[in-house]
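Here is the structure we will look at, set down as C-alpha cells.
Quick note: the coordinates plus some simple rules give every number you see, no bench work behind them. The structure presented is a predicted model; accordingly, all values stated were derived computationally and were not measured. For neighbour counting, all protein chains shown are included, and Cβ atoms are generated from backbone atoms with ideal geometry for every residue, glycine included.
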Amino acid sequence: MPRRYEKARFAWALTGSGHDLEECLEFLVELNDVDVFLSKAVEEVLVMYKYIDRLRNAQIRMFHDSTASAVPVGQFYEGNYHTLVIAPATSNTVAKCVAGISDTLVTNVFAQAGKCQIPIIVYACDTEPVVITPAPGKMVTVYPREIDLECARKIGEFENTTSTTDIKELQHAVLQRMECLSESCS
Ligand SMILES: Cc1cc2nc3c(=O)[nH]c(=O)nc-3n(C[C@H](O)[C@H](O)[C@H](O)COP(=O)(O)O)c2cc1C
C-alpha cells in the first residue's frame, strides 16, 4: 500500500561545503514545503561566504546541531517528511554516512530517514577527480582523494537513496520526486 504524504515536506540538510552551496540555497528557498537541517560546519561556512542572510530571509524553519542525541530527528518518525535531500554533502558527512556513523545532526537524519524508508537524494560534492570550486573570495582547484570518490559512489548504493553528481542532476532528481509525489507515489 503506497504511503500517503499529504502534510509531509522536504527535509533538506546543508553541510559545510562551499561547492555549489549558493546554487543549492537558491534552489531550496524556492521549494514551498521544506525544513532545513544545518551541520555545525555549514553554520560557519554560510557566514564566510556571506550567504547566511539569504537563508534567514527565506523564513524557512531551521534545525541546528545543538543536541547530543540529534533531537530534531524525532520528526522523521512522525511522518513529517516525504524526502530527505543532503546537498551539498561534504566528503566528511558522506564518509560517515557510508560507514554507518550517525554522530551529527545530518548523519543522524541520513540514518533515520533510511530506517524509516524515506527516499533520500544526496549531492556529494566530491564526485570528480578535479573540482574547481569557490573558496571565500576566489576560485580554487581541489583534487578529491580516491577515498572521497569511493564514498561518493557508495552512498548511492544505500536503500532508497539517489546519488547525484552535479547541481543539474540534483535539481532534476528533486523535481522528479515532486512529480512523483503529485501522482501519489510512495
Ligand atoms: C570555506 C570552506 C569551504 C569548504 N568547502 C568544502 C567542500 O567543498 N567540500 C568538503 O568536503 N569540505 C569543505 N569544507 C570542509 C568542511 O566544512 C569540514 O570538513 C567540516 O568538518 C564538515 O563538517 P560537516 O560534514 O558536518 O558539515 C570547507 C570548509 C571551509 C572553511
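Estimated purely from DSSP H runs of n ≥ 4, each contributing -39500 (n - 2.57), the mean residue ellipticity at 222 nm for the chain is -11000 deg cm²/dmol once divided by its residues.
Restricting the GluC sites (Glu not before Pro) of the range 1-90 to loop positions (DSSP other than H, G, I, E, B) with no more than 12 neighbouring Cβ atoms within 10 Å leaves 6, 30, 78. Couplings 3J(HN,Hα) for the range 138-146, derived from phi with the Karplus relation 6.51 cos²θ - 1.76 cosθ + 1.60 (θ = phi - 60°), are 7, 8, 10, 10, 10, 10, x, 7, 4 Hz, where x marks Gly and Pro. Rg ratio for the range 9-181: its Cα radius of gyration over 2.2 N^0.38 Å, N being its residue count, equals 0.95. In straight Cα distance, which aspartates and glutamates are under 17 Å from residue 168, not counting same-chain residues fewer than 8 positions off? Within the straight-line cut-off, residue 168 pairs with 20, 22, 23, 26, 30, 126, 128, 179.
Could you list the trypsin sites (Lys or Arg not before Pro) in the range 95-184 that lie in coil according to DSSP, counting only those with at most 16 other Cβ atoms within 10 Å of their Cβ? Each step should come with its number before you reach the end.
Working: sites: 96, 115, 138, 145, 153, 154, 168, 177; in loops: 145.
Listed in order of number, the matching sites are 145.
Look at 66, 163 and count the other Cβ atoms within 10 Å of each Cβ; fewest to most, that gives 66, 163.
Counting only C-alpha contacts under 8 Å and six or more residues apart, can you give the relative contact order of the chain as a whole percent? List each step's numbers first, then the result.
Working: 329 pairs, mean separation 45.8, N = 186.
In percent, rounded to a whole number, it is 25.
If the viscosity is 0.890 mPa s and the temperature 25 °C, what translational diffusion coefficient in µm²/s does Stokes-Einstein give for the range 124-174 when Rh comes from Kirkwood over Cα pairs? Spell out each step's value before the answer.
Details: Rh = 12.1 Å.
Answer from the Stokes-Einstein relation: 203 µm²/s.
Isolated cysteines in the chain, defined as those with no second cysteine Cβ under 4.7 Å, comprise 24, 97, 116, 125, 151. Annotation for residue 33 and residue 142: the two label points, set 7 Å from Cα along the Cα-Cβ direction, are 3.4 nm apart.
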